[in-house]
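Shown next, in structure tokens, is the structure this report addresses.
The values are calculated or read from the model by the stated rules, or taken from the named source; none is laboratory data. This one's a predicted model, so the numbers in the text were calculated from it and none came from an experiment. Please note: Cβ atoms are built from the backbone with ideal geometry, for glycine as well, and neighbour counts cover all protein chains shown.
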Amino acid sequence: MIREINLCSDPFTEDSIQALKSSYTKLVKYLNHQRKKSITEDNTFY
């Protein structure tokens, strides 16, 4: 994730923000996929 962030003198450039959003989106999708994979009929949560 850190590799995708463009290291500039200004950490809040549009490119850096877009890289952070992209990395965060990928992380959330990965975590959701892992959670769905681990849920079975016997192991549900509410």
query = From the list 43, 6, which one is touching an Asp or Glu at 6+ places or on another chain (Cβ under 9 Å) and modelled with pLDDT under 60?
reply = 6
Residue check for residue 17: in contact with a Phe, Trp or Tyr (Cβ under 9 Å, 6 or more places away or on another chain) and either at pLDDT below 80 or of a type outside the set (D, E, K, R) (or both) = no
